[in-house]
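Computed from the coordinates by the stated procedures, all read-outs in this text should not be read as laboratory data. Because the structure is predicted, anything quoted here is derived from the model rather than measured. Cβ coordinates were reconstructed from backbone atoms using ideal geometry, including for glycine residues, and neighbour counts include every protein chain displayed.
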Protein chains: 2
Amino acid sequence: MNVPAPTPYRAPVDEVMLALEVAGLSELLELDVFAHVDRDAIRSVLDEFARLAEGEIASGDRVGDVAHSTFDPASGEVSAPAEFARAYERYVEGGWGALQIPSALGGGGFPTLIATVLQEFFASANLALSLNIVLTLGAIEALLQWGSDEQRALYLTKLATGEWSGTMNLTEAQAGSDLGEIRTLATAREDGTWSLSGTKIFITWGEHTLSSNIVHLVLARTPDAPPGTKGLSLFLVPKFLVAANGELAERNAVRALSIEHKLGIHGSPTCVMEFDHATGFLVGPLHGGMKAMFTMMNNARLAIGLEGPAVAERAYQHAYEYATTRTQGRATSSSTATNSPIIEHPDVQRMLLTMSTSTQAARLLIYRAVAHKDLAHQLGDGPLREHHQEMVDLLTPVAKAWSTDRGLEAASTAIQVFGGMGFIEETGIAQRLRDARITTIYEGTNGIQSIDLAFRKIPRQGGAHARELFDEIRQSLAKHDEPALRHATSLVLGALDVLETTTTWMIEAVTNAPDDALAGATLYQRLFGDVVGGWLMIARAARAALLARPEAARALDEATFFAIEFCGPATALGAVITSGAKRLAPLRP
Amino acid sequence: MNVPAPTPYRAPVDEVMLALEVAGLSELLELDVFAHVDRDAIRSVLDEFARLAEGEIASGDRVGDVAHSTFDPASGEVSAPAEFARAYERYVEGGWGALQIPSALGGGGFPTLIATVLQEFFASANLALSLNIVLTLGAIEALLQWGSDEQRALYLTKLATGEWSGTMNLTEAQAGSDLGEIRTLATAREDGTWSLSGTKIFITWGEHTLSSNIVHLVLARTPDAPPGTKGLSLFLVPKFLVAANGELAERNAVRALSIEHKLGIHGSPTCVMEFDHATGFLVGPLHGGMKAMFTMMNNARLAIGLEGPAVAERAYQHAYEYATTRTQGRATSSSTATNSPIIEHPDVQRMLLTMSTSTQAARLLIYRAVAHKDLAHQLGDGPLREHHQEMVDLLTPVAKAWSTDRGLEAASTAIQVFGGMGFIEETGIAQRLRDARITTIYEGTNGIQSIDLAFRKIPRQGGAHARELFDEIRQSLAKHDEPALRHATSLVLGALDVLETTTTWMIEAVTNAPDDALAGATLYQRLFGDVVGGWLMIARAARAALLARPEAARALDEATFFAIEFCGPATALGAVITSGAKRLAPLRP
């Protein structure tokens, strides 16, 4: 059968430029540290990276899905498709990995927010390969914050360029969501190094030859350490040991035992890693592993959240293209007697708009969180810095969970737009669903994110930071009383009312009825994301109007669609969230 | 990595016996035609078939997913896994296909409702293979209603036993949802047969050797026929021509050109079929093809709707089992200091109950529709028969769309319960999502079903039949004012209020603002299903209490959970549905 070829990826640079404004680009560009960065520079960076993403990075996407990365048990080597190696090489050559590394350390000194856009384009173009970069960025972040001077000197530059790559080694068979169960053991040697032994699973890009060295960051337990997460420390275990002059020395005793056969992201090898008296170096304080790992993890959570809109954007482009070319039936609005492209059918329009507006909202949510992070990072100590840090902490679990839940829905809806053709692998649209399916799971399942939001983030200082955000939303919406936005604004405000009431209930329940809070956490997180998303979509429309951008009229209508489709129904979630654990009676012990 | 083996399938016979009561088994068993059928006979039929489903039918499920059915271009032959052939043989030997064939025709004379249960077990055990049976049952239905005496004599018995199988040949590359575009041509020959030429795509089990002959039912256009669907006629095209004595004669000019590489149901070959002057026989009147095809299609729509709960049941059993064995973290309700099985965590309970209650509701919805069908079929002409036929017509699109939408969600949620392990193909849970993904598409996409509901079914006689159903729901709920059901009942009634208002709006919109109706149809269908599902879950709880069944207490709680989780939020859909096509502005021409 003739199957339409997958639509090439087109990086949405215009849309992203608008999203950056909504996220808070102006505030960032006012900082001295970014004096050398302006909108023109950003635009040209994005345009240039867009070409790489659309070209060589995207070229391996389907190949990786079909051919997978492969494992050779004899040598223990993992081979990625040749297209991956070429794209990776171009990424290293371009110095893209160092864009947000401080200028003082030889990087581009750009805001992380701009690097986040590169990451989005990368993930849209080739999700499997992009994970390699995500993990390297996480390792960089961990070493910047926790590494010794010597460790930074030895590893940072090579990680920043991508000549070397990084991994996160957390999970063990018995320790998934519950890291307290980790058993990998690190024993001190006399020379100050550590000997690590144990087996880690689900290690993304744990072994490969795209980079000349791999820097594993490994959570392990030391002898006589306290039980649970308090006894964990973070170790750096390079694939090849590094001499003092930076040259690669002997192969370390860490190797891949196998790779997994997965539903999606086939190009990304998911390894079982064996550490057999491997040489490691303590990163940060002894028994401070969780704190150091959270530096990587919070970073990674935003990066994984970003995969929601990244996959959804790609799926949307593909579904939109298909809908404009596939003709079936005559639309009621059609003026001709012939069949119409299915995009003229209202139900198809509804599906496409659900996809596109939730993608936009998720992008805004993540960019917003990253902008707060940049500000928290760059501002001097004080209440403003603290405010931004609290906003990052508050928004991170929502950005991860809500965005990937919506991204997964969008990927599935894209198949629905394709109809029967969507089930045929050669069209390439099924890959979006298979790839997206992991995003709601890894880096902390969305259930875990929701519990993090309800139990750790919301109750801080009696809910003060959540209230700050809600007040900001109210004030911002009060400014947007243009008639064209009034309907959307009233729907978002309605959902916000419910969110505020529910937040009070949740803070109370966390202390007095934790099972009730746990039973409501996931839907609370969804409500939270719907409200923030609705607000940001309105802010986007207002900003587009202010800037007299060509998409201003469309942005107004998109904000309204999002509010009708997501924020209106969200008001009904309050009753479900507060119904408590007693509704779970059929499965309660 | 060690991966837990997939949980064996266990046919839910107890649950099904309760569901049959809710669907209307008593009314059926009062009919003379079913005088030889009683509950004991039904139970023993189900128990016996359960053993076959759990054993040989299920044994090919994973094999089929991994090995696929394969195509040999040289011979044009399609090979299914050996496990499929053995299971199919046992099905034929057992005479299971004839259970609901009238006794007068040599069948078991059971209600279709009971055959539907077999079909559910079959689909849970091995969805790919079960499709073969679904299509044969459709062909039987078409011949019973439209075949000539000679055609029935030649084909029916062999189809009923499964010695021969059937297919539906509708789709062509340019004719998917829009059958009016069909181009396959049927030209009359002097001997009264027809010569068919054309290419059909997406033909499920179009070629295989499980049965000794394949009876293709083919929609084709005759020369000089009117354009569009009015010019279509239905033809029977056997793979092997059949002599007057019933013996197989020469090979007909119909063959598979290729099979598709699909996201799921890998064991089911999806064929491109070429008819090259193949010999066909007209079934039903010339140009009466659509009507005859709808006989098969409505049948198939209920059968495909059933795949929703069938796949979801299997996914639920597997996820439930995993959740009881996988330990992570300590549940707040736990009395021990060690980690708890994840089923003790409220968010996991919520996921599992969402799956199990939507599965139960979908099963009840489909069984109810099939019971109406049985009654419509068996009752003499008159208002009662008409009532039941109207109910089948009304419920069929909801049963197809709502049940498969919920089944798809459940299959995806099952992966979420598994966490990272859900992404590993060897656990088998990812197959559920891949298989389920087609159910919302084939046999009329769920968008098409929703339009059928809104434009054809609801407006009949000014909405009289919808009102009949709503009145029945109200009267039924009024009977269930036990305190334990009061909360659930009030939630369902709240959603029913919205459904009634929305129905009035929809009937008006269909005539006066069809694009508004089209823009709301899918969510209207969801609201409709949530209400009917909520009602049937309450009826189930009440029936379980009345029969003093061991699961009575649980059924009460399940009805409440379903009402909270589905019917409460459904009330908010009214505003979205009635917001009309103007919200689609960003994509409107």
### Summary
Relative contact order in percent for the stretch B:445-589 (Cα pairs under 8 Å, 6+ apart) equals 33
### Query
Using unit Cβ charges (K, R positive; D, E negative) and no other charged atoms, how large, in debye to the nearest 20, is the dipole of chain A about its Cα centre?
1000
## Note on the structure
Residues whose built amide H sits under 5 Å from the amide H of A:LEU257, excluding neighbours closer than 5 in sequence, are A:VAL272, A:MET273, A:GLU274
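If you take each beta carbon of peptide A:573-582 and count the beta carbons of other chains within 10 angstrom, what is the mean? Write down the numbers at each step before the final one.
Working: counts 3, 1, 5, 6, 0, 0, 6, 2, 5, 4.
Across A:573-582, the average partner-chain Cβ count within 10 Å equals 3.
Assuming 0.890 mPa s and 25 °C, estimate D for chain A with Stokes-Einstein, Rh taken as the Kirkwood radius over Cα pairs, in µm²/s. The partial results should precede the final answer.
On the way: Rh = 24.7 Å.
The Stokes-Einstein estimate is 99 µm²/s.
Which GluC sites (Glu not before Pro) in the stretch A:1-55 pass both tests, a DSSP loop state and at most 12 other beta-carbon atoms within 10 Å?
Working: sites: A:GLU15, A:GLU21, A:GLU27, A:GLU30, A:GLU48, A:GLU54; in loops: A:GLU30.
Those satisfying the criteria are A:GLU30.
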### Summary
Sorted by chain and then number, the residues having a modelled amide H within less than 5 Å of the amide H of A:ASN213, at least 5 places away or on another chain, are A:SER165
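Could you please report the charge total around B:ARG86, scoring K, R as +1 and D, E as -1 over all other residues with beta-carbon less than 11 angstrom from its beta-carbon?
Net charge in that neighbourhood comes out at -3.
Looking only at other chains, what is the average number of their beta-carbon atoms within 10 angstrom of each beta-carbon in B:418-427?
Numbers: counts 2, 9, 12, 6, 6, 13, 7, 4, 3, 1.
Rounded to a whole number, the mean comes out at 6.
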### Task
Would you mind checking B:LYS400/B:LYS582; A:LYS230/A:LYS373; A:LYS582/B:LYS479; A:LYS373/A:LYS400; B:LYS230/B:LYS291; B:LYS239/B:LYS291 for any pair whose Cα atoms are more than 18 angstrom apart?
B:LYS400/B:LYS582; A:LYS230/A:LYS373; A:LYS582/B:LYS479; B:LYS239/B:LYS291
### Query
Dipole of the stretch A:447-589 (Lys/Arg Cβ +1, Asp/Glu Cβ -1, origin at the Cα centre): which of A:VAL498, A:ALA572, A:ALA585 lies farthest to the positive side?
A:ALA585
#### Entry: Inter-copy label distances at A:ALA173 (7 Å, Cα→Cβ; nm, one decimal)
5.1
### Task
Provide the per-residue ³J(HN,Hα) series for the stretch B:329-342, in order, calculated from phi with Karplus coefficients 6.51, -1.76, 1.60 and θ = phi - 60°, each as a whole number of Hz, with x at glycine and proline positions.
x, 9, 5, 4, 7, 6, 9, 9, 8, 8, 5, 9, x, 5
### Coil-residue GluC sites (Glu not before Pro) of the stretch B:111-192, DSSP, other Cβ within 10 Å capped at 10
B:GLU190
### Task
State to the nearest 20 debye the size of the charge dipole of the protein assembly as shown about its Cα centre, where the only charges are +1 on K and R beta carbons and -1 on D and E beta carbons.
860
### Task
Just name one of B:LEU518, B:VAL531, B:PRO8: the one whose Cα is farthest towards the positive end of the charge dipole of chain B (beta-carbon charges, Lys/Arg +1, Asp/Glu -1).
B:LEU518
### Task
Using a/c under 1.5 as the rounded threshold, could you call the protein assembly as shown rounded, prolate or oblate? The axes a ≥ b ≥ c are square roots of the C-alpha gyration tensor eigenvalues, and prolate needs a/b larger than b/c, oblate otherwise.
prolate
### Task
Quick one: what are the phi-derived ³J(HN,Hα) couplings along the stretch A:185-191, Karplus 6.51/-1.76/1.60 with θ = phi - 60°, whole Hz, x for glycine and proline?
10, 10, 10, 5, 9, 5, 7
### Task
Putting +1 on Lys and Arg Cβ atoms and -1 on Asp and Glu Cβ atoms, find which of A:ALA430, A:PHE470, A:ALA548 reaches farthest to the positive end of the dipole of the stretch A:412-556.
A:ALA548
### Query
Considering every residue in A:166-176, what mean count of other chain Cβ atoms within 10 Å of its Cβ is obtained?
2
## Note on the structure
Interchain or sequence-distant (5+) residues whose placed amide H lies within less than 5 Å of the amide H of A:GLN328 are A:SER340, A:ILE342
### Task
Give a residue-ordered list of calculated ³J(HN,Hα) values for the stretch B:50-67 (Karplus: 6.51 cos²θ - 1.76 cosθ + 1.60, θ = phi - 60°; whole Hz; x for Gly, Pro).
4, 5, 5, 5, 5, x, 5, 5, 5, 5, x, 4, 6, 4, x, 5, 7, 8
### Computed [θ] at 222 nm, helices only, for the protein assembly as shown once each DSSP H run of length n ≥ 4 contributes -39500 (n - 2.57)
-17000 deg cm²/dmol
#### Entry: Residue-count net charge about B:ARG549 - beta-carbon cut-off 11 Å; Lys, Arg +1, Asp, Glu -1
-1
### Query
By how many degrees, between 0 and 90 and to the nearest 10, does the Cα long axis of helix A:289-325 differ from the longest principal axis of chain A?
40
